[in-house]
Amino acid sequence: MKIAFVSVHTCPMAELGQKDTGGMNVYLRETAKDLGRRGICVDVFTRVHNTTDPMIVPLGENARVIHLRAGEPDTPKDEIYGHLPEFTRALEEFVDTFDLDYDLAHSHYWLSGPPTLALCEPREIPAVASLHSLGKKQQLVHAAEPESEERLDIETRIVQSADRLVAASPDEQEQLVRLYCAEPDETRVVPCGYNEKIFYPRNQEAARKELGLQGPKIVLFVGRMTRLKGIDILLRAVAAMDGKQGVETVIIGGNQNDAELEHLQKLARELEIEARLRFQGAVPQSTLPLYYSAADVCVVPSYYETFGLVALEAMACGTPVVAARVGGLRATVADGKTGYLVPWHCPGPYAQRLETILGNDVLRASLGKAAVESVQGLTWSFAADNLLDVYGQMLGRKKELIQLIPCA
């Protein structure tokens, strides 16, 4: 079985925590590697993002990343659309040159839809699509950052043309049906997973010592530096808390070149919390479990999340989560059991929930224990199992009947 993953703007090899990197990079890397370990050949096609990128990079057993030229490597994400014809030509040329015969192609994000359909339609192979985020939904929840007409049109075309749609949560599936008129029978839910060999509870005191964290109570945020992540809500909530003097807030993600970071630093000064706030920047994934384990609570105040991978990883490390009651977070966090879901995008309710957890060590420990138990089995291997079910149905074969052979 041979599968083409098409991900124009997101490379599984990219450093996490930057402006346009995050959960989707992890999804691509982990699912491709897991499928490859099962003997399924997976080629991940993406843009050249760095002049030093080799064309072909092994990702794991039977899996590889293939970098194709499409504009300059440093082309901003919002300008990649203009280079899709170049990417499509490079994709078809690579496939034809090496006489590659894929059983199906799986498109990731809206930018990857046109190249994937151009690959599939003339070759009469099935097209599977994961949008990962929905432009129409983002416009509804954050009108200050309108989406392009090109994105909305292409997303609609993908929904109409793909043979199967893969949603990360029941909420995303519902939005595909409601906003894009997707056929429910052609949509499948495949939740994201976590790497159980990396994300598990560590001793909190030892983790804090290794990271040099001094605060008696630690609040953690992990994610990209964008307004959609609601980091300003977290900062205002921390400033409004009783006993805030004993709280250290750690922000993981982004770098010094992010415009949003400058905005948040200015806000922290205005709120007079900069002395207890650490902008850590991007950290390796191998280090993230230490931060999760060191924290008393992880906050995910996003305006929109199709799944909420950070919440899953934090819970796997035994850290309660306070999250917005949006998107896939509603299915990931059990309100009152593994953390709290906040239905309002305003600081007050977040401050109240943080005070509740930080002020009660017994409650915090109980939420953390329940969090670990709730995510057992929700690994990337489980996600790959679900993807194989989708692929097997598409090809008219049951998963257990798929012949697993080494790649040619």
Arrange the peptides 60-67, 23-30 so that the one whose residues have, on average, the most other Cβ atoms within 10 Å appears first.
23-30, 60-67
Within the under-9-Å Cβ sphere about Arg227, not counting Arg227, Lys/Arg +1 and Asp/Glu -1 give a net charge of -2
If R₀ is 56 angstrom, what is the calculated FRET efficiency for the pair Arg157 and Lys197, using the beta carbon separation as r and rounding to 0.05?
0.90
Reachable aspartates and glutamates from Lys209, Cα under 15 Å, same-chain residues fewer than 8 places away excluded?
Glu248, Asp296
Whole-angstrom Cα spans of segment 48-126 along principal axes, big to small:
33, 28, 22
List the equivalent ellipsoid semi-axes of the chain in whole Å, largest first, each obtained as the square root of 5λ for an eigenvalue λ of the Cα gyration tensor.
37, 22, 20
Tilt, helix 259-271 to longest principal axis of the chain (alpha-carbon atoms), in degrees rounded to tens, equals 10
Taking each pair of different alpha-carbon atoms in segment 313-355 once, compute 1/r for the pair, average those values, and report the inverse of that mean as the Kirkwood hydrodynamic radius in Å to one decimal.
10.5
MRE, 222 nm, helices only [DSSP H, n ≥ 4, -39500 (n - 2.57), over the chain, to nearest 500]:
-12000 deg cm²/dmol
Which percentage, to the nearest 5, of the DSSP beta bridges contained in the chain is antiparallel?
10
Two-site label geometry, Lys369 and Glu205: point separation in nm, points 7 Å out along Cα→Cβ
1.9
Computed over the chain: longest principal axis from alpha-carbon atoms vs helix 361-374 long axis, angle to nearest 10 degrees, is 10
What number do you get for segment 204-374 when its Cα radius of gyration is normalised by 2.2 N^0.38 Å, N = residues?
0.92
Inter-probe distance in nm under a simple model that places probes 7 Å from Cα toward Cβ, at Arg37 and Ala259:
4.1
Packing-ranked peptide list from 190-199, 2-11, highest mean Cβ count within 10 angstrom first, is 2-11, 190-199
Which whole-number percentage describes the relative contact order of the chain, with Cα contacts under 8 Å and a sequence gap of 6 or more?
17
Using only the alpha-carbon atoms, how far is helix 84-97 inclined from the longest principal axis of the chain? Give it as 0 to 90 degrees, nearest 10.
50
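Each value in this text was obtained by applying a stated rule to the coordinates, not by laboratory testing. Just so it is clear, the structure is predicted and the values come from calculations on it, not from any experiment. Note: ideal-geometry Cβ built from the backbone for every residue, glycine included; neighbour counts use all protein chains shown.
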